Amino acid sequence: MLMALRSPNGHAKYLTAPVTRGSVEASVEATGTINPLTTVPVGSSVSGTVKYIFADFNTHVRAGQVLAQLDPAVYEARLVEARGNLQRATANLQSARANVTKADADLSYARANAKRTASLQQQGLAALDQRQLTESTAAQAVEQRNQTLAQVEQARADIVAMSGALKEAESNLRYTTVISPTDGVVVARNITVGQSVAASLQAPNLFTIAQDLKRMQVYAKTDEADTGFIRVGAECTFQVDAFPNETFHGRVSAIRLNAYIVQNVVTYDTVIDFENPDERLLPGETAYVTISTGRADNATLVPNAAISFTPDLPQSEVQDLYRKYKIPPAAYTSHHGNEQVVWRMSNEHAIEPVAIRAGLSDSTSTQLLSGNIHAGDELLTGSLNSPASAQQGRAPIPNRTAGGRR
């Protein structure tokens with residue numbers, strides 16, 4: 001609407017818009033990526049050459065299902081070697097036990113011989129050096145028995161070690177068969193038949209399985225300035241390029257604390273859960289998200305252009321009008337408490353400033369919380385005195401309100 005209103009410098013032409021009543025919904029907009037609820041990477045604990053592949057992209061798999069087979073020849077040979085080592089250790093144990101039996105017999109004989117020689121020596125029938133020789137032989141038999149006992153313990157330790165090596169060989173052979181750890185859909189296959197898989201430092205990722213595509217998430221990159229308005233449980237909508245005419249619905253489940261900093265711009269991942277029963281939406285698609293941060297019904301709505309408008313007057317005259325109508329400095333300087341200034345026509349057909357307190361805001365209107373403004377009032381939104389002012393009336397500057405970002 002165009003009106004000719006009297007200003008302190010004479011007559012000027014201004015654009016106006018009415019104050020209305022209605023509903024306003026504040027929201028935060030962001031772009032994100034669709035991801036499965038749970039993604040499981042499937043790797044290999046052993047190195048080898050891929051011999052067979054039993055699953056491909058989009059294959060539905062079950063837990064325990066075989067996905068691929070590495071060439072097991074090397075690990076089969078190591079298993080045979082481990083079994084042979086265990087058998088040899090077992091035979092060594094049996095031999096050591098036999099040596100203990102022989103050592104016990106030798107010790108018994110040596111002790112009996114030493115006792116008999118000592119008796120003869122006391123009777124004068126044997127020399128003293130013969131007695132000492134038999135006692136020395138008995139002492140050596142004791143040490144020989146202790147040595148054979150130690151050999152038994154060593155043989156037992158060898159069996160334990162060889163048993164561990166056998167279990168390792170069996171496990172490595174079993175790991176050449178790559179199986180699915182969970183039910184799901186294969187969303188990535190990173191190997192081909194004949195490819196060499198090296199698992200020297202870390203397990204290579206062979207497959208990626210999405211556990212359930214009927215329940216998915218959007219990871220929305222939200223600006224740090226918007227995270228204060230977003231609440232867990234808030235409803236949101238999003239669209240994807242694959243279905244441009246459809247709107248999908250979800251709910252905020254978390255705001256992750258891990259910040260991303262790119263060229264001094266800080267963003268956070270806002271996780272949005274949604275149902276995908278028909279599996280129409282695919283992992284990796286770009287989602288354009290709108291997160292609701294507040295809604296007010298039957299509210300008095302002030303045009304956003306009126307809040308961003310300042311008359312094309314000298315600064316001294318604007319300050320005089322602020323003082324004349326007792327506008328608090330916070331309304332036009334710091335906007336403390338979300339106070340703003342709008343302009344309207346007075347009863348004398350001159351412009352006057354009005355202090356208001358703003359609430360929720362969307363792309364066109366802002367909720368009026370307090371202020372001497374009523375539905376039907378005409379507020380100034382632009383001036384035709386200068387091109388810059390006229391442009392201000394046509395394209396208002398977005399404002400941040402207590403309800404969130406538009």
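The values are calculated or read from the model by the stated rules, or taken from the named source; none is laboratory data. In this text the structure is predicted, and so the values were computed from the model without any measurement. Positions of Cβ are generated from backbone atoms using ideal geometry, with glycine treated the same way; all protein chains shown enter the neighbour counts. In case anyone asks, the SASA skips ligands and DNA or RNA and just uses the protein heavy atoms, side chains included. Shrake-Rupley method; radii C 1.70, N 1.55, O 1.52, S 1.80 Å.
What the table shows:
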item: His336 accessible area, assembled protein chains, probe 1.4 Å, Å²; result: 130
item: Sparse-neighbourhood loop sites, GluC sites (Glu not before Pro) in segment 219-253 - DSSP loop, at most 14 other Cβ within 10 angstrom; result: Glu224
item: Among Asp377, Asp226, Asp273, residue whose mean-square fluctuation peaks in a GNM of the chain (springs only between Cα atoms under 10 Å); result: Asp377
item: Under the Karplus curve 6.51 cos²θ - 1.76 cosθ + 1.60, θ = phi - 60°, whole-Hz ³J(HN,Hα) for segment 244-258, x wherever Gly or Pro sits; result: x, 9, 10, 10, 10, 10, x, 9, 5, 10, 6, 10, 6, 6, 6
item: Amide H contacts under 5 Å for Gly382, placed H, 5+ residues apart; result: Leu15
item: Between helix 128-175 and the chain: long-axis angle, C-alpha atoms, 0 to 90°, nearest 10; result: 30
item: Potential extension, Ala161-Ser45 segment - 0.36 nm per residue separation minus Cα distance; result: 39.6 nm
item: Most mobile of Ala127, Ala12, Ala305 in a GNM of the chain (Cα contacts under 10 Å); result: Ala127
item: Computed accessible area, Leu67, all protein chains, 1.4 angstrom probe, square angstrom; result: 0
item: Degrees separating the helix 315-324 axis from the principal Cα axis of the chain, which is the longest one; result: 80
item: Cα-based shape type of segment 328-382, given that a ≥ b ≥ c are square roots of the gyration tensor eigenvalues and the cut on a/c is 1.5; result: oblate
item: Part-to-part distance (alpha-carbon centres) for segment 322-346 and segment 210-267, which is given in Å; result: 37
item: Arg323 accessible area, 1.4 Å probe, all protein chains in place, Å² to nearest 10; result: 150
item: Interchain or long-range residues, amide H under 5 Å from Ser370's placed H; result: Arg357
item: Helix-only [θ]222 nm of the chain, DSSP H runs n ≥ 4, -39500 (n - 2.57) each, per residue, nearest 500; result: -10500 deg cm²/dmol
